[in-house]
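**Student:** First the structure, then my questions, so here it is.
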Amino acid sequence: MSRTLTYRGYQPVLSAKARAVPIVSTMVGSLVPALLPVIAQAPVVPPFGLMVLLAWRLLRPGFWAVWAPLPLGFFDDLVSGQPVGSAMLCWTLAFLVIEASERSVLWRDYVQDWLVAAAAIAGCLVGGYFLALFAGGAAPILAIVPQILASMLLFPAVARLCARLDAWRLR
């Protein structure tokens, strides 16, 4: 993450709050599923950490460095109970795919961001499923379909929350 955003030679320095809010909100998003009082036999709670990270990435494209999902994914792996490295790998691959796709797109709108986020969330959840299978888990792939659908439907609310946080952090 760069400390300054350059625009025609002008380099405004971001405050500590402006730099910390996206990171802290992503980490709090990773903690949300662990703190919710939901007991289920199948995964139904969306991966809020991933959703917050993608919302920040799509809201402020130049803010995150490409390596930023590595430490945030490591934190998510530690609090979620997934095999260590699964969120690190899936989140970083999602960032790289978004970076590559943005180079060919001239403009973006809200629906396009939602579709990109939905594809990234589905890809990360399916990738995490296969990594969990490789680590010794056993469940049918249909078990994650409700989680994927809930994540896709809740993403606009998470993006709205990140937009509010963005307005607050830049005051």
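The values are calculated or read from the model by the stated rules, or taken from the named source; none is laboratory data. All values reported here derive from a predicted model rather than from experimental measurement. Here Cβ is always computed from backbone atoms with ideal geometry, including for glycine, and neighbour counts include all displayed protein chains. Please note that ligands, DNA and RNA were not included when accessible areas were found on the heavy atoms of the full protein model with its side chains. Shrake-Rupley method; radii C 1.70, N 1.55, O 1.52, S 1.80 Å.
**Student:** Using DSSP loop states and a limit of at most 12 other Cβ atoms within 10 Å to flag chymotrypsin sites (Phe, Trp or Tyr not before Pro), what is the longest stretch of the chain containing no flagged site? Could the numbers behind the result be given before it?
**Tutor:** Working: sites that count: W67, W107.
My reading of the result: 1-66 is the longest stretch.
**Student:** What number comes out for accessible area per residue over the chain if the probe is 1.4 Å? Units Å², please. Spell out each step's value before the answer.
**Tutor:** Numbers: 9890 Å² over 171 residues.
Heavy-atom SASA per residue in the chain reads 58 Å².
**Student:** Residues of the stretch 124-140 with backbone nitrogen within less than 11 Å of a virtual label 7 Å along the Cα-to-Cβ line of L35, please, listed as ranges.
**Tutor:** Backbone N within reach: none found.
**Student:** Note the angle between two axes, namely the Cα long axis of helix 69-80 and the longest principal axis of the Cα atoms of the chain, as a number of degrees from 0 to 90, rounded to the nearest 10.
**Tutor:** Helix 69-80 and the main axis of the chain meet at about 40 degrees.
**Student:** On to the next question. For the chain, give me every cysteine whose Cβ has no other Cys Cβ within less than 4.7 Å, ordered by residue number.
**Tutor:** So far as the 4.7 Å Cβ criterion goes, C162 stand without a partner in the chain.
**Student:** Tilt of helix 16-35 relative to the longest C-alpha principal axis of the chain, in degrees (0 to 90, nearest 10)?
**Tutor:** Helix 16-35 and the main axis of the chain meet at about 10 degrees.
**Student:** Using only Cα atoms, locate the centre of the stretch 64-87 and the centre of the stretch 110-139, then give the distance between them in Å, rounded to an integer.
**Tutor:** 14 Å
**Student:** Ordering I39, I23, I121, I148 from largest to smallest accessible area (1.4 angstrom probe), what's the sequence? Show your work: numbers first, answer last.
**Tutor:** On the way: I39 170, I23 50, I121 0, I148 25 Å².
Per-residue accessible area, sorted high to low, gives I39, I23, I148, I121.
**Student:** So, with a 1.4 angstrom probe, what is the percent of accessible area on the chain that is carbon and sulfur? Spell out each step's value before the answer.
**Tutor:** On the way: 6980 of 9890 Å².
Carbon and sulfur together cover 71 percent of it.
**Student:** What residue among V116, V45, V97 has the largest mean-square fluctuation in a Gaussian network model of the chain, using Cα springs under 10 Å?
**Tutor:** Of the options given, V97 has the highest mean-square fluctuation.
**Student:** Report the gain in length on full extension from L154 to L14: 0.36 nm times residue separation, minus Cα-Cα distance, nm rounded to one decimal.
**Tutor:** Working: separation 140, 0.36 × 140 = 50.40 nm, distance 2.98 nm.
This chain segment gains 47.4 nm when fully extended.
**Student:** From the phi of every residue in the stretch 85-100, what ³J(HN,Hα) in whole Hz does the Karplus formula 6.51 cos²θ - 1.76 cosθ + 1.60 yield, where θ is phi - 60° and glycine or proline is x?
**Tutor:** Karplus-based 3J(HN,Hα) across the stretch 85-100 equals x, 5, 5, 4, 5, 5, 5, 5, 4, 4, 4, 5, 5, 5, 4, 5 Hz.
**Student:** Taking the chain as the reference, fit the longest principal axis to its C-alpha atoms, fit the long axis of helix 48-59 to the helix C-alpha atoms, and give the angle between the two in degrees, 0 to 90, nearest 10.
**Tutor:** For helix 48-59, the angle is close to 30 degrees.
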